[in-house]
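See below for the structure under consideration.
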Amino acid sequence: MKAVNHSLRALAIGALFAVGAAQAQISDGVVKIGVLSDMSSLYADLDGNGSIVAAQMAAEDFGAAAKGIKVEIISADHQNKPDVGSAVARQWFDTDKVDLITGTTNSGVALAVNQVTKDKGKAFIVSGAASSDLTGKACSPNTIHWTYDTWMLANGTGSAIVKTGGDSWFFITADYAFGHALERDTEAVVLKSGGKVLGKVRAPLNTQDFSSYLLQAQASKAKIIGLANAGGDTRNSIKQAAEFGIVKGGQNLAGLLVFIQDVHAMGLNTAQGLIFTETFYWDMNDQTRAFTRRFIQRNKGIYPSMIHAGVYSGVLHYLKAIEALKSDDGTKVIAKMKEMPTDDPLFGKGTVRADGRKIHPAYLFEVKKPSESKGEWDLYKTRATIPADQAFRPLKDGECPLVK
Amino acid sequence: MTEIFGVPTQALFSQLLIGLINGAFYAMLSLGLAVIFGLLNIINFTHGAQYMMGAFCAWFLLQYLGLGYWWSLLIAPIAVGAFGVIIERTMLARLYKLDHLYGLLLTFGLALIIQGLFRNQFGSSGLPYQMPEALTGGFNLGFMFLPKYRGWVIVASLAICLSTWYVIERTKLGSYLRAGTENPALVQAFGINVPRMITLTYGFGVALAAFAGVMAAPIYQVNPLMGADLIIVVFAVVVIGGMGSILGSIITGFGLGVIEGLTKVFYPEASNTVIFVIMVIVLIIRPAGLFGRER
Amino acid sequence: MATPVSTAALPSRLAANGFALGTIAMIVLLSVAPFVGIYPVFLMKALCFGVFACAFNLLLGFGGLLSFGHAMFLGTAGYLAAHAAKVWGFPPELAILTGTAASAALGVVVGMLAIRRQGIYFAMITLAIAQMVYFFYLQAPFTHGEDGIQAVPRGKLFGVLDLTNTLAMYYVVLAIFVGAFLLIYRTVHSPFGQVLKAIRENEPRAISLGYNADRYKLLAFVLSATLSGLAGATKAIVFQLASLTDVYWTMSGEVVLMTLLGGMGTIFGPVVGAFVIIGLENYLAGFGQWVTVITGVIFVVCVLAFRRGIVGELAAWWAKRRA
């Protein structure tokens, strides 16, 4: 796993496009997009620099220059701290004239930014964070939750595993909004399918040593150890589980949120057989492959995660809505995005629901065995496709105040 | 399966073992701190950063020079120790005449610089370091599975701690050191070069930290913040053991690691704070620490 | 901890005039600042930290006690104020009072434990207790751990003044700052303050003169904790967020730096230090971890060569000029 070099130039990247006739109703004549991500910590390669690249590619592919719309992209590191994230968002909206914030892996930060965006009437497209509360209790007319969420993960991965016999679970949970949401949603699925939850333990975000948690999981004798964490935490849990002979001892690990960078970092030897749900994989069709070829040239050879794909797709749709509306007023653009159906090379056709949930199909992937892989990043095989109307939580179950 | 106080023995013993391993790191680190504080009267806040540098040194050696774990155990402490000597000569030495809290602040600032620089360069999510071939795998002890490497950690740290203790308490060099702590002027009058002794002592303490860092590299991810939270716990260990006491820090280090492990079994919520609670109690009842002398 | 600043540098009437002039200038500048294009939220942050640093300086510069755990007071007040405003529905003035009171109470408890020891041991006790407080908040459900207490309402001050208006909030914060600042000045230049300084310079002698050193130190500690709480509670209302960052030990280090950089034992020093450090962090925010590095460099430079801090150096230079 290569460390992502977080250098100065990666930060204030302005992608200024050709000056066209200023659109009178686009504030200050510029559509300014802020990519707020984890640039240096455990989620940096899932989000980070790749999200900046994805946003730039979306603006270019939209043809902003030719349409006379000026687009500028800036970025910042939220360091996985809600106070840092909300302070940046506040300053971006107040003084830096940012119109849209995107990226934002880390549900705690996303929830804070969600609030600030609502207060200021701007726009927020969450691609990285997972908590299903963003379209539930915390839903907002200024936010769209794009790529995936904890409900989808729980119902995709959770129910698939329970169906294959994994009916007793022990959770190792990242102790913040995302982990809690994922644990809650997965537990609901397990119990509904007739399984049992034998125990749970909370580990701080960015834990380096999971040994004591793994030993508790081992002692519980649960058939499945559910890892309600992501990024570096998941990699550490899986690697250290191998060290303690957990899988050899008969228990199985369920990575509830796994990205391609995780699999690549762990290597197929460690990761083979892992089953999980995602909404994008670079090798699914010609369009995704074409996108990926261009993407890796600008992202130091690292392949796109579904978060990156979500940033691309979200920004593209956002710009289309602005073009149709001829204004970048946050609340109005988000409303327009819900009106217009989406269509992009990465997710195909989809819609945005009233509660801010973007709808598209999900896929159950399995990590290939080393013998099955023909390339460094040829890592997944598709086990099932979950159709769009079943992949996400039904609108009525979300408790979103906008939908009553 | 048997249970003790309602906890299955497997869980109990495996947590005890993890506790012992954590204790090994506490002991090695607090030993370095105690040695430095004993002679220099300075709290070396940079200790955590130097521990981290040891781990990174091992990573560098493997990544760019192809030198493995066993070489790192030798080279990293020397390299980082040399760095420590430079710090002492150029900066710390100027502060000896002042209130000792300035030394604390200086080393705190240095720790921030070092950690910030590494974080800038490497991010904060950790780099993998391969476990040495000879130590992969483990033993099935019946009540738990003991990875070989973690067993090695306990053995190696005990060896280092006890040999350090022996050198300081039982050899002539050690006696100069101890005398220099009590009465530097008198020792200097006897012809011993006290400033050089101080410099080398600081270097040695730092080298111990780096050694611990190399040992940590295969099991904890090598990351710029690995020493930051650990150092606060190690301070507590040193204070409980007695600030200048070598044996105190060894025993307290292992002991507190075990206590922390036990707390994780019976009352997990308190496992983070138990060491600090003990420290506050000790400071009130026996301020010099369990094994220390009031200075 | 022996303060390097000579506090007898100027004759007292001149000093008093100097102080009055300085305070008026400061208030005028700060009142006008939002209209000159300086981002009010940044100013509010600097003002809150100014109160925090002044409170800390009371203990360090005038009391001679280095606490390495003051973040616990900042953070406790922040959490209590946020909880009071959001969950109990308190209006902002009561929420801030609640937070401040909580820190005061914590200050009494910690003070009674810590005052028994001196120097390094005092610093270590405060550090350890602060860590315990941090871990408590990490796990307590009401703080929501890593996510913090979010969406704290600003409310209406005294039921009248709507604080969601940035300017209104700003002047309230400014008023709180000036109030705290004057309170500290009054404390330092009172008989209590004189005894405190005497204890700092030579504790055995002060005791032999009949003063109960421990009680004075405890009072100073509690006062410092209370005002730190005021800073934390106000900050939580301004930013509408209370998070773990405020109770983490690096925050304790930051306030030491602000005081050291600005000038220990001076009245204006901590304010200057706070503004410089917050300004630096703001300016460097886009540069990743350079903030940490530069903070560290400032620490090192201050300790090695600049122990009197900005205001201290200025005062010494001024005194030399007049001599």
- Note on the structure: For residue A:228, the lone unmet condition from (1) farther than 25 Å from residue B:267 by Cβ; (2) within 25 Å of the chain's Cα centre (by Cα); (3) more than 11 Å from chain B (Cβ to nearest Cβ) is (1)
- What about residue B:244, is it in contact with a Gly (Cβ under 9 Å, 6 or more places away or on another chain), assigned to a helix (DSSP H, G or I), at pLDDT below 90 and not aliphatic (A, V, I, L, M)? no
- Of the residues B:249, B:245, which is over 12 Å from the mean Cα position of the chain (by Cα) and polar (S, T, N, Q)? B:245
- Run residue B:98 past the list (1) under 29 Å from residue B:156 (Cα atoms); (2) not in a helix (DSSP H, G or I) and report the number of the one that doesn't hold. (1)
- Message: When you scan the stretch B:53-68, do you find a residue that is surrounded by fewer than 18 Cβ atoms within 10 Å (Cβ to Cβ), in contact (Cβ under 8 Å) with a residue 40 or more places away in the chain, more than 9 Å from chain C (Cβ to nearest Cβ) and in contact with a Pro (Cβ under 7 Å, 6 or more places away or on another chain), even just one?
- Response: yes
- Task: Taking residue B:56 as meeting all but one of (1) out of contact with any His (no Cβ under 7 Å at 6 or more places or on another chain); (2) modelled with pLDDT of 90 or more; (3) within 20 Å of residue B:158 (Cα to Cα), write down the number of the exception.
- Result: (3)
- Go through the stretch B:74-111 residue by residue and tally those that are free of Cβ contacts under 8 Å to residues at least 12 places away in the same chain, surrounded by fewer than 17 Cβ atoms within 10 Å (Cβ to Cβ) and over 18 Å from the mean Cα position of the chain (by Cα). 5
- Out of the residues in the stretch C:155-181 that are within 14 Å of chain A (Cβ to nearest Cβ) and under 22 Å from the mean Cα position of the chain (by Cα), state the one that is farthest from residue C:256 (Cα to Cα). C:169
- Query: Is it the case that some residue within the stretch C:4-23 is modelled with pLDDT of 90 or more, of a type in the set (A, V, I, L, M, F, W, C) and under 21 Å from the mean Cα position of the chain (by Cα)?
  - Reply: no
- Inside the stretch B:250-290, the number of residues satisfying the requirement of being at pLDDT below 90, more than 14 Å from chain C (Cβ to nearest Cβ) and surrounded by 20 or more Cβ atoms within 10 Å (Cβ to Cβ) is 2
- Task: Can you give me the number of residues within the stretch B:105-131 that are of a type outside the set (A, V, I, L, M) and under 15 Å from residue B:213 (Cα atoms)?
- Result: 6
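One line per residue, one yes/no per condition, for (1) assigned to a helix (DSSP H, G or I); (2) away from every other protein chain (no Cβ under 14 Å); (3) buried (at least 21 other Cβ atoms within 10 Å of the Cβ):
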| position | (1), (2), (3) |
| --- | --- |
| C:89 | no, yes, no |
| C:96 | yes, yes, yes |
| C:102 | yes, yes, yes |
| C:110 | yes, no, yes |
| C:124 | yes, no, yes |
| C:127 | yes, no, yes |
| C:134 | yes, no, yes |
| C:146 | yes, no, yes |
| C:152 | no, no, yes |
- Task: Taking the options C:223, C:227, C:241, C:218, name whichever one is over 23 Å from residue C:126 (Cα atoms) and either surrounded by 22 or more Cβ atoms within 10 Å (Cβ to Cβ) or touching a helix residue (DSSP H, G or I) at 6+ places or on another chain (Cβ under 9 Å) (or both).
- Result: C:241
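Which residues, counting only those in the stretch A:185-212, are more than 9 Å from every other protein chain (Cβ to nearest Cβ) and either among the acidic types (Asp, Glu) or out of contact with any strand residue (DSSP E or B) (no Cβ under 9 Å at 6 or more places or on another chain) (or both)?
A:185, A:187, A:188, A:189, A:192, A:193, A:194 - these are the residues of the stretch A:185-212 that are more than 9 Å from every other protein chain (Cβ to nearest Cβ) and either among the acidic types (Asp, Glu) or out of contact with any strand residue (DSSP E or B) (no Cβ under 9 Å at 6 or more places or on another chain) (or both).
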- Counting only residues that are over 19 Å from residue A:47 (Cβ atoms) and facing another protein chain (nearest Cβ under 9 Å), which one in the stretch A:88-115 is nearest to the chain's Cα centre (by Cα)? A:115
- Of C:273, C:263, C:269, the only residue that is at positive phi, out of contact with any Asp or Glu (no Cβ under 7 Å at 6 or more places or on another chain) and not acidic (Asp, Glu) is C:263
- Message: Condition (residue is surrounded by fewer than 23 Cβ atoms within 10 Å (Cβ to Cβ), under 27 Å from residue C:23 (Cβ atoms), more than 10 Å from every other protein chain (Cβ to nearest Cβ) and of a type in the set (Val, Ile, Thr)) applied to the stretch C:285-306: is it met by at least one residue?
- Response: no
- Scanning the stretch B:145-164 for residues that are more than 14 Å from chain A (Cβ to nearest Cβ) and touching a residue at least 40 places away in the same chain (Cβ under 8 Å) gives B:156, B:157, B:158, B:160, B:161, B:162, B:164
- Task: Would you be able to tell me the number of residues in the stretch B:112-121 that are within 7 Å of another protein chain (Cβ to nearest Cβ), touching a residue at least 12 places away in the same chain (Cβ under 8 Å) and under 20 Å from the mean Cα position of the chain (by Cα)?
- Result: 1
- Message: Looking only at the stretch B:122-144, count every residue that is of a type outside the set (A, V, I, L, M), outside any loop (DSSP other than H, G, I, E, B) and either more than 14 Å from chain C (Cβ to nearest Cβ) or free of Cβ contacts under 8 Å to residues at least 40 places away in the same chain (or both) and tell me the total.
- Response: 4
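Could you go through the stretch A:243-252 and let me know if any residue there is in a helix (DSSP H, G or I), within 14 Å of chain B (Cβ to nearest Cβ) and either out of contact with any Phe, Trp or Tyr (no Cβ under 6 Å at 6 or more places or on another chain) or over 21 Å from residue A:47 (Cα atoms) (or both). Walk me through it before giving the result.
Step one: of the stretch A:243-252, the residues in a helix (DSSP H, G or I) are A:243.
Those still in the list that are within 14 Å of chain B (Cβ to nearest Cβ) too: A:243.
Still in the running and either out of contact with any Phe, Trp or Tyr (no Cβ under 6 Å at 6 or more places or on another chain) or over 21 Å from residue A:47 (Cα atoms) (or both): A:243.
Checked against the condition, which is being in a helix (DSSP H, G or I), within 14 Å of chain B (Cβ to nearest Cβ) and either out of contact with any Phe, Trp or Tyr (no Cβ under 6 Å at 6 or more places or on another chain) or over 21 Å from residue A:47 (Cα atoms) (or both), the stretch A:243-252 yields at least one hit.
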- Item | Check on residue A:355, of a type outside the set (Phe, Trp, Tyr) and touching a strand residue (DSSP E or B) at 6+ places or on another chain (Cβ under 9 Å) | yes
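Going through A:270, A:277 one at a time, which residue ends up being touching a helix residue (DSSP H, G or I) at 6+ places or on another chain (Cβ under 7 Å), of a type in the set (Ser, Thr, Tyr) and not in a helix (DSSP H, G or I)? Can you show your working first?
Numbers: A:270 fails: not in a helix (DSSP H, G or I).
So the residue among A:270, A:277 that is touching a helix residue (DSSP H, G or I) at 6+ places or on another chain (Cβ under 7 Å), of a type in the set (Ser, Thr, Tyr) and not in a helix (DSSP H, G or I) is A:277.
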- Taking residue A:322 as meeting all but one of (1) outside the structural domain of residue A:53 (by TED's automatic domain parsing); (2) under 30 Å from residue A:74 (Cα atoms), write down the number of the exception. (1)
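The values are calculated or read from the model by the stated rules, or taken from the named source; none is laboratory data. Keep in mind that this is a model prediction, so the values were computed, not measured. Heads up, the Cβs are rebuilt from the backbone with ideal geometry, glycines too, and the neighbour counts pull from every protein chain shown.
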